[in-house]
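Below is one structure; the comments refer to it alone.
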Amino acid sequence: MSQTTDPEKNKVAAVLTTPEEWRVFLKRYGELYVKVRADGEELVDLLDDDQLEALDRGERVEPWLGEAPAREKALVASEERLGVRFPPSLRGFFLASDGWTRLDAWVDGVHPCGRVVWMRDSEAGRRVTEIYDSTPGNEDIVQLFRRSIEIARGEDFWLLDPTDVGPDGEWAAYEFAPKYGDTTEYPSFSALVHSGYESMSGNESTEEDEDEEDMD
């Protein structure tokens, strides 16, 4: 049986809706990711020589871990293919970066708009849906799977529910972990992405505290 976390606990930041807001945030996300999450081999893949040297000197590095912005035409084509209009925060994200490759989460990255799909239509989504549908008591979560779009996938899924729309036009967002059967709800795609940033920020603070203790 899956468990759902209260979305009120996950309102971590103001909703980002414009490409400009997303670009500023995603640069900060990339900076924090290479500082807190990336290991040596990954850093070589993500950074050029100048950035690696700057990082070694303790200077700020803001790598772009995303893609080129989506064109409005491509974005509209994806919406028409799915029969929806994406919520403001997701549209703004795609117009800043058509996909994202590194996240503090058990997903491989945000899909480009052309690869966004109904969960019920993806191979992995169908498989998970069939497994949960075969067990009594999972009716609610199975219905969520069938009506949601899959925005990211890896070990976990990121889902957006177009039937649950807030007054700001944002769709309810979910992080679903099949391994544990847990579903965490967020009020928007923006809040879902911010959750990883906040998690990394907390780890950064912990590491800094440990470094200070080592110096005492």
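Figures for the structure shown
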item: Failed criterion for G154 (all others in (1) touching a Ser or Thr at 6+ places or on another chain (Cβ under 9 Å); (2) of a type outside the set (V, I, T); (3) under 19 Å from H194 (Cβ atoms) hold); result: (1)
item: Residue check, A105 touching a helix residue (DSSP H, G or I) at 6+ places or on another chain (Cβ under 8 Å), open to solvent by 20 Å² or more (accessible area, probe 1.4 Å) and touching a residue at least 12 places away in the same chain (Cβ under 8 Å); result: yes
item: Qualifying residue in the stretch 42-58 (condition: in contact (Cβ under 8 Å) with a residue 12 or more places away in the chain, under 30 Å from A172 (Cβ atoms) and not acidic (D, E)); result: no
item: Test: residue in the stretch 84-93 that is at pLDDT 95 or above and of a type in the set (F, W, Y); result: yes
item: V34 out of contact with any Gly (no Cβ under 7 Å at 6 or more places or on another chain), buried (at least 19 other Cβ atoms within 10 Å of the Cβ) and closer than 24 Å to A191 by Cβ; result: yes
item: Subset of the stretch 65-93 that is more than 21 Å from R23 (Cα to Cα) and among the basic types (K, R) - its residue that is most open to solvent (accessible area, probe 1.4 Å); result: R85
item: Close pairs from the stretch 171-190: first assigned to a helix (DSSP H, G or I), partner among the small types (G, A, S) and open to solvent by less than 20 Å² (accessible area, probe 1.4 Å), Cβ under 9 Å, at least 6 apart; result: F189/S89; F189/A173; S190/S89; S190/G92; S190/A173
item: Of residues in the stretch 129-141 being open to solvent by less than 20 Å² (accessible area, probe 1.4 Å) and assigned to a helix (DSSP H, G or I), the one nearest to T184 (Cα to Cα); result: I141
item: Residues satisfying the stated conditions in the stretch 98-116, i.e. in a loop (DSSP other than H, G, I, E, B) and closer than 14 Å to E67 by Cβ; result: D98, G99, T101, R102, L103, H111, P112, V116
item: Per-region count, the stretch 142-182, residues touching a helix residue (DSSP H, G or I) at 6+ places or on another chain (Cβ under 7 Å), modelled with pLDDT under 95 and open to solvent by less than 10 Å² (accessible area, probe 1.4 Å); result: 0
item: Complete set of residues in the stretch 55-75 that are in a helix (DSSP H, G or I) and at pLDDT below 90; result: L55, D56
item: Verdict on S188 being modelled with pLDDT of 95 or more, hydroxyl-bearing (S, T, Y) and within 11 Å of the chain's Cα centre (by Cα); result: yes
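The values are calculated or read from the model by the stated rules, or taken from the named source; none is laboratory data. This is a predicted model, so every value here is computed, not measured. Because the Cβ atoms are built from the backbone with ideal geometry, glycine has one as well, and the counts that use them run over all protein chains shown. The area values use the complete protein model at the heavy-atom level, side chains included, leaving out ligands, DNA and RNA. Shrake-Rupley method; radii C 1.70, N 1.55, O 1.52, S 1.80 Å.
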